[in-house]
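To keep things clear, I will list the structure first and then write my remarks on it.
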Amino acid sequence: MLKTVTGVSERIERLRQNYVNTKPSICYERARLYTESHKRTEGKSVILRRAEAFHDFCAKFEVRIFEDELIVGTAGRFRRTGILTPEYSWKWVDKEMDTFPTRPQDPYLITPDQCATIRSEIFPYWHGKSLEEHFLAALPEETARIAVDTGIIDNDSKWRQAVGEITPDYEGHLFVKGYGGILKDAEEKLAALDYLNAEDIDRIDFYKATILSAKAIILLANRYADLAEGMAAEEQDDARKAELLEIARVCRRVPEYPPQSFHEATQFIWFVQLGGIITENPLALNPGRFDQFMYPYYAADMDSGKLDKAGAKELIHALWLKYSEWVWTISENTTGYFAGYNQFQNLTVGGKKRDGSDATNELTYLCLEATDEVRTHQPGLSVRVQSDCPQEFLYAVTDLVSKGTGFPAIHNDQAGTQMLLQAGYEPEDARDWNNCGCVVPHFRQTGQWTSAVNVNFAAAMEYALNEGKSRLTGEKMGLDAKPLASYASYQEIEDATFEQVGNLIHHSVVSTVIAQKLHAEMVPRPFLSTCIGHCLEEGRDLSRGGAKYNVGPVLTGIGLAVVANSLAVIKKLVFEDKVTTLAELDAAMNADWEGHDALRTKALAVVKYGNDDDYVDAIARDLANYYYRKTRAYKDNFGSPFNSAFMGISNYIPTGRIVGATPCGRKATKPITEGVSPYAGSDVKSPLAAMRSSAKMNHDVHTGGTLLNLRLSEDLVSTPKGKRDLGSIIRAYFSLGAFHVQFNTLSTDVLRKAQKNPEDYKDLLVRVAGYSTQFVNLSPEMQEAIIARSAHGSY
Amino acid sequence: MAATDKAKDGTMGTVLQMQDYSIHDGDGVRTTIFLAGCGLRCQWCANPESWTQHRKLAYHAHKCRGCQSCRTVCPEGLDPAAGDFDATRCTFCGDCVAACPEKALQLACEQMDADAIMEQIRRDEIFFRHSGGGVTFSGGEPFVQHQFLRSLMAGCERLGVSVWVETCGFFKWEACQDLMAGIDHIFFDIKHMDSESHRRFTGQGNETILDNAKRIHASGVPMTIRIPLIAEVNLEENNLEATARFMRDHLPGSRIELLPYHELGKAKYSAFRMADSFHSFTTPTEAQTAVAYSIFDRYQIERYQ
Ligand code: SF4
Ligand code: SF4
């Protein structure tokens, strides 16, 4: 029997059980309605066609309200729905959908009948028309061979998927105007434009698309209101009947008008989220600073007595469940990078206000409690810890850490602000940051590809050490390089490695700017553009740089620790201690260490990154600095410099699969490393040493975010003193300039039990990398990787 | 300077382990430094390798996969994985430890430089500063290596780092008297109030220990009395009453902490080939521990934390 949780109402517990026990299903309604619409609108501008398709969906989709729901709206026929967006890519779906129900990571339910309908009625129209096909046709051959499904550089979520990576501006825009206001503004703007003015032509289409999108979301809400009224008329239970009538009232008001209550504001947020999901199937569509922009509604309702804490909590729980129920439909390749049905909707609480004062309030605490109470994997709860934050807040944070959910992601407020200043934000906006996706510091009036490309550092090193070739396939993948044995000095090897990293950066940029150009041409974002006020003022779509800030795409470096550890082994064993030769090391790696046990023991004994030893940490720092300089030297299609990051996602597993044995002692195909975290199990000293190592990287320049994941033995946070002490440790770590830390506090014992009896542990959340997800939803390989992270204990 | 001279002037000493992120050894986040050497032989000791200061080679049989790398490299022709390993012939060169792929071998009681220890403390200091923590000297019995302790404490004073000490109380007062002024808090073990029982379980009577407790208290260092609570040894009411009376009469203001016995040290006895010295005891139940505390409550003795 699945454990029930405390602190939630019976209704929420029923909704929660449904969420935990239901496998997501694919619903093709969105794809079917979009396809029919597109057939009808051939010849019109693409932005209008996309807006019309959205409008068609909102007008025709058979809306449903499920039992017990308080917050309503789904993107498909099921509570747990995944949708298809063939305009981005249909090919991978065509190839993979028959195995959706059986694939090891993130399976979806889909019937053979559904597959047949999709193949006969939906996909044929998109042949030759999808973003994927155009992208692959446009990509130069030399980039394609290392960028398409290789694990070397990976950006398939930017050409098989929409971008997402937006934080709607509720505070300054949506809640102020409502969609009725946006509609009116767009009509006024449109009236002032003239076809005779060449520059206005795109704007005219933009505003027409805005008007359609606003009308569409209002229409959808009203259809839910109609349904709720109809259901109320039939409802026997008086309490539910009253609820349905209230739902109807709320849906008549929002999102057309600015919200006037906490309930209305909550439903408003969900309709915006739903609009984003329907139009794009996005990753990282972030709620943002929920405790800030929701507080006025909460405070007013509490004051007037309209709401009590339990009522507020129930709405928050209901919203958290909504964020968790839908699934971001992704390919098997992408699941390797973003495992665990994760949608990366980041919700950030705490920190500073725009004026610099402390931002925590009652809602901040309710959000932390709600995440503990409902145990959903979404939203991704992040906290900003500022130096002057209340001690109670920090205690609430470490208390949540002690529950072992992996939440919250803990961020250094000041470092986040510093990162945004470095990226060119105005100071008030830089103070008003929230996280995007997992750890990227972000602001709600921004267009940015916050997770543009994953760059495999370990692969780059392999090419430097193996004549430019993959050790596993023998194929030439990198720049030319000489045979390992002919390098004369350590420095030469380090330089060669960095140069190969530079080459991967180059191809990442090529791949990104091509995708950026195609996004602007093929898949503009009329609905999500309504969420950013600046787009409306300028009359320009998000994909064309309509936001107030257009920040350069983020390239994420993976395997920092593996490369630093490997170079340290070469430096120490070959050039300093001279206990081995490059030739012997080369042979050992080619043999995947088989028959070279003594050498491997020596390699493993060389100090590893994560133990606060400058010998190896300095190599990691130099590589990170190099990566920053190289990345920043490139500019994107809007003239913004690219940004570096060391963040997570589960990317360290698929990237490891393509890399042969490495000098650090790692065996071929084993995972590499995430963010600025140490190699699993090699941070033997303590989490404090790991933090000190990590803090040596200059976090503030990596404006795409940095990530440190640590496992803590649960007894370190089982007492009030332990929780206070962890708070102090976090403060100390942040005082060193570091940006992020997140803890898994589950004992290995518990994880092993969960592997054996997944039925009993369906709701067990673990930190994967930058996010939390249900442990039992991870593939066995991922589970092992989690367990392998060294648990730090002390007594 | 020869190692023996360094030991004399306190710039070198024998360290079992430095453990950062200690949260049960005093205020805040602390780095606990375990110094080797102890005059007691408590039958429940969890750190038996700390009894003496000489170097030792541990062999963790459960990790060993029998690859024989250790035997192959040993310059003395020894087999550290063998049951009849002759420790008297071992030079503790560490070759076998480096060669073992399973980390099944480990040297204990290494000589360490005070400077190296201070360097580590310097790194941990940022965590002390934010948590109100510091260094805790433990053992073994930390006052055994009082010269070494003296130089480490001087280093802590220079850095402004708080010093706490965990002692079994069995040490020469005259040699350590001067150190008291630099200690912020002492955890002091009282294992039994009856000297004969004390001798039976620890090898020594309790006279010196109780005298030292009074002297420390008189010197003004805040104290917490700790009792390793063991069903077969000291759980009976008479003994706990006597301890509480002693505290009330001689150590007013000091606090009490009861540490229920655990068997976590068991594996060490076999790893250090000391299985003969291992004794098994019974862990008191939570209820028994609560009853024990209530006795101290009656004497209005505050609990630690
Ligand atoms: S420490 Fe040296 S002498 Fe002793 S067993 Fe190991 S290799 Fe042999
Ligand atoms: S080297 Fe290690 S694993 Fe091999 S026999 Fe010796 S102790 Fe056992």
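The values are calculated or read from the model by the stated rules, or taken from the named source; none is laboratory data. Everything numeric here is computed off the predicted structure, so don't read it as measured data. Note that each Cβ is placed from the backbone with ideal geometry, even for glycine, and that neighbours are counted across all protein chains shown.
Assorted remarks:
- Yes/no for residue B:27 being farther than 30 Å from residue B:204 by Cβ, within 14 Å of chain A (Cβ to nearest Cβ), assigned to a loop (DSSP other than H, G, I, E, B) and more than 16 Å from ligand 1 (Cβ to nearest atom): yes
- Residue that is surrounded by the most Cβ atoms within 10 Å (Cβ to Cβ), among those in segment A:410-439 that are at pLDDT below 95 and in contact with a Leu (Cβ under 8 Å, 6 or more places away or on another chain): A:439
- Test result for residue B:297, at pLDDT 95 or above and over 17 Å from residue B:189 (Cα atoms): yes
- Some residue of segment A:520-527 being within 28 Å of residue A:578 (Cβ to Cβ) and surrounded by fewer than 24 Cβ atoms within 10 Å (Cβ to Cβ): no
- Residue A:719 vs. criteria within 23 Å of residue A:407 (Cβ to Cβ) and within 13 Å of chain B (Cβ to nearest Cβ): yes
- Count of segment A:577-592 residues, restricted to those that are part of a helix (DSSP H, G or I) and either touching a residue at least 40 places away in the same chain (Cβ under 8 Å) or of a type in the set (S, T, N, Q) (or both), is 7.
- For segment A:243-257, a residue qualifies if it is over 32 Å from the mean Cα position of the chain (by Cα) and within 17 Å of residue A:67 (Cβ to Cβ), and the qualifying residues are A:243, A:244, A:245, A:246, A:248.
- Qualifying residue in segment B:62-73 (condition: more than 11 Å from ligand 2 (Cβ to nearest atom), assigned to a loop (DSSP other than H, G, I, E, B) and surrounded by fewer than 18 Cβ atoms within 10 Å (Cβ to Cβ)): no
- Any chance residue B:83 is more than 7 Å from ligand 2 (Cβ to nearest atom) and touching a strand residue (DSSP E or B) at 6+ places or on another chain (Cβ under 9 Å): no
- Within segment A:426-457, being farther than 19 Å from residue A:360 by Cβ and of a type in the set (Phe, Trp, Tyr) holds for A:443, A:449, A:457.
- Figure legend. Inter-residue proximity from segment A:440-463: first residues over 30 Å from residue A:169 (Cα atoms) and modelled with pLDDT of 95 or more, second residues polar (S, T, N, Q) and not in a loop (DSSP other than H, G, I, E, B), beta-carbon distance below 6 Å, spacing 6+ or different chains. Indicated pairs: A:455/A:508; A:456/A:655; A:460/A:500; A:461/A:497; A:463/A:500.
- Checking each residue in segment A:150-186 for being part of a loop (DSSP other than H, G, I, E, B) and either of a type in the set (Ser, Thr, Tyr) or within 30 Å of residue A:506 (Cβ to Cβ) (or both) picks out A:150, A:151, A:152, A:155, A:159, A:160, A:161, A:162, A:163, A:164, A:165, A:167.
- Residue within segment A:515-536 that is closer than 24 Å to residue A:629 by Cβ and modelled with pLDDT of 95 or more present: yes
- For residue B:91, the conditions (1) away from chain A (no Cβ under 13 Å); (2) not in a loop (DSSP other than H, G, I, E, B) all hold with the exception of (2).
- Residue within segment A:725-736 that is modelled with pLDDT of 95 or more, buried (at least 24 other Cβ atoms within 10 Å of the Cβ) and more than 14 Å from chain B (Cβ to nearest Cβ) present: no
- Scan of segment B:46-63 for residues that are within 14 Å of chain A (Cβ to nearest Cβ) and either within 14 Å of ligand 1 (Cβ to nearest atom) or among the charged types (D, E, K, R) (or both), ordered by number: B:63
- Meets criteria (of a type outside the set (A, V, I, L, M, F, W, C), buried (at least 19 other Cβ atoms within 10 Å of the Cβ) and under 31 Å from the mean Cα position of the chain (by Cα)) for residue A:506: no
- For segment B:104-150, the set of residues classified as more than 14 Å from chain A (Cβ to nearest Cβ), of a type in the set (S, T, N, Q) and under 21 Å from residue B:26 (Cβ atoms) consists of B:145 only.
- Residue check, residue B:18 of a type in the set (A, V, I, L, M), touching a strand residue (DSSP E or B) at 6+ places or on another chain (Cβ under 7 Å), more than 12 Å from residue B:268 (Cβ to Cβ) and within 13 Å of another protein chain (Cβ to nearest Cβ): yes
- Screening B:97, B:29, B:135 for residues that are among the β-branched types (Val, Ile, Thr), surrounded by 19 or more Cβ atoms within 10 Å (Cβ to Cβ) and within 13 Å of ligand 2 (Cβ to nearest atom) leaves exactly one candidate, B:97.
- Qualifying positions in segment B:257-286 - within 18 Å of the chain's Cα centre (by Cα), outside any loop (DSSP other than H, G, I, E, B) and under 30 Å from residue B:299 (Cβ atoms): B:257, B:258, B:259, B:260
- Residue within segment A:199-221 that is among the hydrophobic types (A, V, I, L, M, F, W, C), surrounded by fewer than 17 Cβ atoms within 10 Å (Cβ to Cβ) and touching a helix residue (DSSP H, G or I) at 6+ places or on another chain (Cβ under 8 Å) present: yes
- Candidates A:697, A:691 - the one that is in contact (Cβ under 8 Å) with a residue 40 or more places away in the chain, crowded, with 24+ Cβ neighbours inside 10 Å and within 14 Å of chain B (Cβ to nearest Cβ): A:691
- Residue within segment A:629-652 that is buried (at least 24 other Cβ atoms within 10 Å of the Cβ), within 14 Å of chain B (Cβ to nearest Cβ) and closer than 28 Å to residue A:344 by Cα present: no
- Scope segment B:74-88; condition within 9 Å of ligand 1 (Cβ to nearest atom) and part of a helix (DSSP H, G or I); matching residues: B:87
- Scanning segment A:1-52 for residues that are assigned to a loop (DSSP other than H, G, I, E, B) and at pLDDT 95 or above yields a total of 6.
- Any hit, segment B:224-245, residues being within 30 Å of residue B:9 (Cβ to Cβ) and either more than 20 Å from the chain's Cα centre (by Cα) or among the small types (Gly, Ala, Ser) (or both): no
- Within segment B:118-133, the presence of a residue that is within 28 Å of residue B:269 (Cβ to Cβ), of a type in the set (Phe, Trp, Tyr) and either touching a residue at least 40 places away in the same chain (Cβ under 8 Å) or in contact with a helix residue (DSSP H, G or I) (Cβ under 6 Å, 6 or more places away or on another chain) (or both) is excluded.
- When A:595, A:610 are checked against the criterion of being buried (at least 24 other Cβ atoms within 10 Å of the Cβ), part of a loop (DSSP other than H, G, I, E, B) and within 14 Å of chain B (Cβ to nearest Cβ), a single residue qualifies: A:610.
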